[in-house]
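Visitor: Below is one structure. I have some questions about it.
The values are calculated or read from the model by the stated rules, or taken from the named source; none is laboratory data. Given the structure is predicted, the values throughout are model-derived calculations rather than measurements. Note that each Cβ is placed from the backbone with ideal geometry, even for glycine, and that neighbours are counted across all protein chains shown. Heavy atoms of the whole protein, side chains included, go into the accessibility calculation; ligands, DNA and RNA do not. Shrake-Rupley method; radii C 1.70, N 1.55, O 1.52, S 1.80 Å.
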Amino acid sequence: MTDNSLTDLLRPRERRALLSQIEGLATGYLDGIEGGSPASHVAFEAALLASRLGALGGRWASDRAHRLLEIGCRALTAGNPLRRTWLGGIFGVSWIARGIAPGGVGMDLAAVADGCLAEDLASEEARPGTVPDWIGRALYAIHRHEESPSSPGPAALATRAVRICAARASGAAVPPRWVGPDGRAYLGHARGAAASLSLLARARHAGLGGGEAIEEAAGWVAGVVAQAASPLKGETGDGIPASVAPDGRLEAAPFSGWCHGGPGVAWGLAQAAVALGDVALLDLARRVACRAAARGTELPAAAAADPTLCCGSAGRALMYGRLWQLTGDATLRGAARAALHHAAGDLPEWLPRNDEGLALPSTLQRGFPGLALAVSEFLGLPGSWAPLFRLDPFPA
């Protein structure tokens, strides 16, 4: 790990301009959420953005984040239950609410989420779910364990959830156990091996095991990356496959981001490398990221223009930046800075529109809140949101 800081990627003048831009845009966005009737998860995610900006004081030193939490809770009690998922679901919003208001916000979201998790773990066979479903459950359980490390309840839930994820990610069997319903074995964070690597690395740091499964999953990813040394047929992506088809063909990624493509795969490999202390695996992560950065000009037009956290430049900026912090690679520094400027330049265009203009999603993955939160990471503001996307800094 180097001494590099994400704030080093911007000059002081650039940081001041970017901060002013985010403040102005976020004010209008949050006013609209408060004055409307948002879905519960949208209100919770808006509260996360308000809380992040609360570190600035002044007009942000208010109870806006708490008001938004209350709006989210009212939407929940009005008969709009959340899915049993991490992003946009009960597990994620419970984590958001506890981080902003540890004393509660009118309803015990932790109790609701804990109950859902216990039910899901007790009926694993009846709730097979997808890879993201189980990774989300396990990530929530790990956070609960870290909050109360001496409590046997969260520890037991976390151990069980991690064991299930490790079983689904381990084994060099073909196909791997993170194959999706369509028969494809995915590599990225949206539904594939990189997500498993991130989760298992977090579990290992929390003392919950998972080392053997990390090694096997990382070995499978490394093998796929090695096969992709030559350009894929019809490839227009960043050179790192999105998936392996049922017949063994490597399929090009439609994006170069967190969800699919080189940056997300490199990030998962780097997390695994740090957890295992594996220098060779870390170098592979660096090379995958550099390859993706070099191929960025070959992305399809829509993918190249996408600034979002999930698929676009906001996510790339943060992953390249974190990898630069870890490796000191100058190519990744340049890639992070370029992606950051692209994402920041598109911030105004990604505010939700009402009756006029293009309607855009108000979500962390594909909308203004996630884009603003990702860009704000380069301003050095305190507060945490990145664990929602497994993009938090490496443990010391």
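Visitor: Counting only protein chains, not ligands or nucleic acids, how are 1, 107, 319 ordered by accessible area (probe 1.4 Å), most first?
Guide: Details: 1 135, 107 50, 319 0 Å².
The ordering from most to least exposed comes out as 1, 107, 319.
Visitor: Sticking with this one: Pulled fully out, how much extra length does the chain show between residue 13 and residue 338, if you take 0.36 nm times their separation in residues and subtract their Cα-Cα distance? Write down the numbers at each step before the final one.
Guide: Values: separation 325, 0.36 × 325 = 117.00 nm, distance 1.65 nm.
The residue 13-residue 338 span can extend by a further 115.3 nm.
Visitor: So if I restrict to the alpha-carbon atoms in region 189-288, what is the Rg, and what is Dmax, the biggest pairwise distance, in Å?
Guide: Every Cα atom of region 189-288 included, Rg and Dmax give 13.1, 44 Å.
Visitor: A follow-up question, please. Please compute the contact order of the chain in relative form: average sequence separation of alpha-carbon pairs under 8 Å and at least six residues apart, divided by the residue count, as a percent. Please list the in-between numbers first.
Guide: Details: 669 pairs, mean separation 62.8, N = 396.
Relative CO of the chain lands at 16 percent.
Visitor: Quick one: check the C-alpha center-to-center distance for region 73-119 versus region 267-337, whole angstrom.
Guide: Distance between centres, Cα-based: 32 Å.
Visitor: Please work out the ratio of the alpha-carbon Rg of region 246-314 to 2.2 N^0.38 Å and round it to two decimals.
Guide: Rg over 2.2 N^0.38 Å, computed on Cα atoms: 1.18.
Visitor: Could I ask something else about it? Given charges of +1 on the Cβ of Lys and Arg and -1 on the Cβ of Asp and Glu, with all other atoms neutral, how large is the dipole of region 6-55 about its Cα centre, in debye to the nearest 20?
Guide: Values: 5 positive and 6 negative charges, 59 e Å.
With only Lys, Arg, Asp and Glu charged at Cβ, the dipole is about 280 debye.
Visitor: If you don't mind, there's one more thing I want to ask. Count charges around residue 95 for me, please; just the other residues with Cβ under 10 Å from its Cβ, Lys/Arg as +1, Asp/Glu as -1. Each step should come with its number before you reach the end.
Guide: Details: positive: 98, 144; negative: 147.
That works out to +1.
Visitor: So for the pair residue 280, residue 31, with labels modelled 7 Å out along Cα→Cβ, what separation do we get in nm?
Guide: If labels sit at residue 280 and residue 31, their model points lie 5.9 nm apart.
Visitor: Hey, could you get me the Stokes-Einstein D for region 1-120, Kirkwood radius over alpha-carbon pairs, 20 °C and 1.002 mPa s, rounded to whole µm² s⁻¹? Write out the running numbers ahead of the final one.
Guide: Working: Rh = 15.7 Å.
In µm²/s, the coefficient is 137.
Visitor: A follow-up question, please. Using the eigenvalues of the Cα gyration tensor, what equivalent ellipsoid semi-axes result for the chain when each is taken as the square root of five times the eigenvalue, whole Å, largest first?
Guide: Working: eigenvalues 183, 145, 76 Å².
So the equivalent ellipsoid measures 30, 27, 19 Å along its semi-axes.
Visitor: Quickly work out the residue 56-to-residue 304 label distance, labels modelled 7 Å from Cα along the C-beta direction, and quote it in nm with one decimal.
Guide: Each label point is offset 7 Å from its Cα along the Cβ direction, giving 3.3 nm.
Visitor: Given just the C-alpha atoms of region 1-63, how large is their convex hull per residue in cubic angstrom? Intermediate values should be presented prior to the final figure.
Guide: Working: hull volume 7.3 nm³, N = 63.
Dividing the Cα hull volume of region 1-63 by its residues yields 116 Å³.
Visitor: Give, rounded to the nearest 20 debye, the magnitude of the charge dipole that the chain has about its Cα centre when Lys and Arg contribute +1 at Cβ and Asp and Glu contribute -1 at Cβ. Don't jump to the answer; show the numbers that get you there.
Guide: Numbers: 36 positive and 37 negative charges, 69 e Å.
Once rounded to the nearest 20, the dipole reads 340 debye.
Visitor: If you take all C-alpha pairs in region 282-350, what percent of them are over 20 Å apart?
Guide: Here the tail beyond 20 Å accounts for 23 percent of pairs.
Visitor: Kindly sort 205, 189 by accessible area of their heavy atoms, largest first, with the probe set to 1.4 Å.
Guide: 205, 189
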